[in-house]
Amino acid sequence: MRRSLAPLLVVAGLTFLVGLGAPAMTDSDEAFYAEAAREMVESGDWLTPYYNYEPRFQKPMLYYWVTAATFAITGPGEAAARLWAAFSGIGLVFVTAGIARRWYDDDTALLAGAIVATSFGYVALGRMALPDLPLALFVTATIGCCLVAVGDRVPRPRRWLCAAAAAAALGFLVKGPLALVLPAIVIGPIVMVERRQSRIGLTDVAAATMLFAVIAAPWYLAMWWRHGTAYLDSFFVGDKVERFATDRFNEPRPW
């Protein structure tokens with residue numbers, strides 16, 4: 001892996017970081033996240049995101065937090081607003097390379113990481129102030145750690161399961177239930193096949209579940225405490241259920 005580290009770092013640094021602040025913000029979603037983070041620094045309220053000084057309940061808090069923290073240090077700007085999306089792209093390069101190295105070899109790791117670092121979709125999202133690439137990073141890390149815990153029959157699967165829980169919790173703070181749904185689609189069938197040979201016990205699952213709750217739950221509980229059911233209805237019912245199950249946000253479309 002050490003042989004792959006330097007070239008991947010150079011390529012990922014070039015594709016994700018060079019000229020990061022040069023393009024102006026023309027995407028409305030970028031403006032939502034950047035302005036909400038700026039207002040967070042201005043108001044000193046680090047619990048509730050606001051856009052145009054009105055509560056913005058549509059997305060969780062983690063991307064606002066890291067962007068606002070960057071603004072507090074550097075001041076607001078395009079590069080600062082996009083920095084953590086770019087860092088997530090670089091992180092995704094190395095998570096992918098690490099997975100490839102574990103199950104294949106150094107050459108595969110270098111190739112897999114280079115593919116991520118130069119794929120248009122990843123690079124484009126890594127150069128926008130959006131939580132999509134951080135979500136992809138945490139989902140990939142969750143799946144990778146779960147597969148090691150379930151399929152590799154490592155001596156201490158709890159460590160890998162807890163690492164997966166931590167990654168899923170961070171993803172839950174970036175974009176909500178998708179951080180659980182997407183890994184479950186991948187991992188669920190594998191767990192069903194491998195469950196008889198797996199060394200994972202109920203105590204391991206309980207430890208991972210507790211860790212997930214400790215990381216992911218406090219902010220949601222604080223939002224419910226401050227805003228009551230208005231927040232739960234807006235985020236979980238409106239933005240998550242109705243967005244996919246009704247035509248409230250989108251035109252009707254076939255499956």
So what's the back-of-envelope 222 nm ellipticity for the chain, counting only DSSP H runs of four-plus at -39500 (n - 2.57) apiece and dividing by all residues, rounded to 500? -23000 deg cm²/dmol
Please name whichever of GLY126, ALA136, LEU110 sits farthest to the positive end of the charge dipole of segment 104-159, dipole taken about the Cα centre and charges placed at Cβ: Lys and Arg +1, Asp and Glu -1. ALA136
Extreme residue, positive dipole direction of the chain, given options GLY44, ALA97, ALA69 (C-beta unit charges): ALA97
Under 13 Å from the Cβ of ALA36, count the other residues' Cβ atoms, weight Lys and Arg +1, Asp and Glu -1, and hand me the total. -4
What's the extension gain from ALA24 to SER119 if we count 0.36 nm per residue and subtract their Cα-Cα distance? 32.0 nm
The answer for the chain, accessible area per residue at 1.4 Å probe in Å², is 53 Å²
Where chymotrypsin sites (Phe, Trp or Tyr not before Pro) fall in DSSP loop in segment 42-84, at most 16 other Cβ within 10 Å: TRP46, TYR53
Dipole of the chain, positive end: most advanced residue of VAL186, ALA31, CYS162 [Cβ charges, Cα centre]: CYS162
Would you mind computing, in nm to one decimal, how far apart the modelled labels at ALA213 and ILE73 are, each placed 7 Å from Cα along Cα→Cβ? 3.4 nm
Of all the stretches in the chain, which is the longest one without any exposed loop site, taking trypsin sites (Lys or Arg not before Pro) in a DSSP loop (any state but H, G, I, E, B) with at most 16 other Cβ atoms within 10 Å? 1-152
Using a 1.4 Å probe on the protein heavy atoms, what percent of the accessible area of segment 144-234 belongs to carbon and sulfur? 70 percent
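Round to the nearest 0.05 the FRET efficiency obtained for THR229 and GLU194 when R0 = 35 Å and r is the Cβ-Cβ distance.
0.30
How fast does segment 67-125 diffuse by Stokes-Einstein, in µm²/s, taking the Kirkwood radius from C-alpha pairs at 4 °C and 1.567 mPa s?
For the chosen part, D equals 103 µm²/s.
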What's log10 of I(q)/I(0) for the chain at q = 0.09, 0.18 Å⁻¹, Debye sum over Cα points only, no solvent? -0.45, -1.42
Here the averaged projected area of segment 1-104, based on the convex hull of its alpha-carbon atoms and given in nm², is 8.1 nm²
Using 0.36 nm per residue of separation minus the Cα-Cα distance, give me the extension gain between TYR104 and SER43 in nm, one decimal. 17.0 nm
What is the magnitude of the charge dipole of segment 16-175 about its Cα centre, with +1 placed on the Cβ of each Lys and Arg, -1 on the Cβ of each Asp and Glu, and no other charges, expressed in debye to the nearest 20? 720 debye
Leaving ligands, DNA and RNA out of it, rank MET192, MET40 by accessible area with a 1.4 Å probe, largest first. MET192, MET40
Where the Cα atoms of segment 166-212 are projected onto their three principal axes, how long is each span, largest first, in whole Å? 34, 22, 11
At 4 °C and a viscosity of 1.567 mPa s, what translational diffusion coefficient does Stokes-Einstein give for segment 73-175, taking Rh as the Kirkwood radius over Cα pairs? Give it in µm²/s as a whole number. 90 µm²/s
Whole-Hz couplings from phi, Karplus 6.51/-1.76/1.60, listed for segment 81-97; x for Gly and Pro: 5, 9, 4, 6, 5, 5, 4, 5, x, 5, x, 5, 4, 7, 5, 4, 5
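The values are calculated or read from the model by the stated rules, or taken from the named source; none is laboratory data. Everything quoted here is computed from the prediction, not taken from an experiment. Glycine also receives a Cβ, built like all others from the backbone with ideal geometry; neighbour counts cover every protein chain displayed. The area values use the complete protein model at the heavy-atom level, side chains included, leaving out ligands, DNA and RNA. Shrake-Rupley method; radii C 1.70, N 1.55, O 1.52, S 1.80 Å.
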